[in-house]
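Please read the structure below before turning to the comments.
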Amino acid sequence: MRVRVHWPLAALLLLLTINVQAAENFSGQWNTIWGSGTAATNLTMTQDGNQVAGNYAYRGGAIVGVVSENVLRGSWSQTDGARGTLEFRLSPDGQSFQGRWRNGTSGPWAPDSWNGVRK
């Protein structure tokens, strides 16, 4: 019995699979802006499975979190003792995210966003 492969369709399915995998990955370097758009810092993140860890220059910042359905939920901390929670939603093409943050683990989200664009 011979199996016939439709190569153009197989190639398209492979490309779609690769593109979906790339879109779900926060790994890399990001230019980020938070606050009223005047505060900026570089953020480097590494994703292993659904776990993400990263750091940013502003006040020795660090983040950790878990990705589910293109949303990173986690926490941030800084060497000055400030800490809180965050939520980043990755764009479909994986080149940017829109996020929110707050001080502490509960209460209202900060009125300003924390957004990033891949370098």
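The values are calculated or read from the model by the stated rules, or taken from the named source; none is laboratory data. Quantities reported herein were computed from a predicted structural model and do not represent experimental measurements. FYI the Cβ positions are ideal-geometry reconstructions off the backbone, even for glycines, and counts take in every protein chain you see.
Values as computed for the structure displayed
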{"item": "Selection within region 105-119 - assigned to a loop (DSSP other than H, G, I, E, B) and of a type in the set (Ser, Thr, Tyr)", "result": "Thr105, Ser106"}
{"item": "Among the residues listed as Thr46, Thr79, the single one being among the hydroxyl-bearing types (Ser, Thr, Tyr), assigned to a strand (DSSP E or B) and modelled with pLDDT of 95 or more", "result": "Thr46"}
{"item": "Test set (1) surrounded by fewer than 15 Cβ atoms within 10 Å (Cβ to Cβ); (2) in contact with a Lys or Arg (Cβ under 9 Å, 6 or more places away or on another chain); (3) modelled with pLDDT under 95 - Gly104 fails condition number", "result": "(3)"}
{"item": "Residue pairs meeting the criteria (Cβ under 9 Å; at least 6 apart or on separate chains; first within 13 Å of Trp76 (Cα to Cα), in region 40-64; second among the charged types (D, E, K, R))", "result": "Arg59/Asp80; Gly60/Asp80"}
{"item": "Lone unmet requirement of (1) more than 17 Å from Ser113 (Cα to Cα); (2) modelled with pLDDT under 95; (3) surrounded by 11 or more Cβ atoms within 10 Å (Cβ to Cβ) for Trp34", "result": "(1)"}
{"item": "Of all residues in region 45-67 being within 10 Å of the chain's Cα centre (by Cα) and among the polar types (S, T, N, Q), the one that is surrounded by the fewest Cβ atoms within 10 Å (Cβ to Cβ)", "result": "Thr46"}
{"item": "Residues of region 52-66 satisfying the condition of being part of a strand (DSSP E or B) and under 17 Å from Trp30 (Cα atoms)", "result": "Val52, Ala53, Gly54, Asn55, Tyr56, Gly61, Ala62, Ile63, Val64, Gly65"}
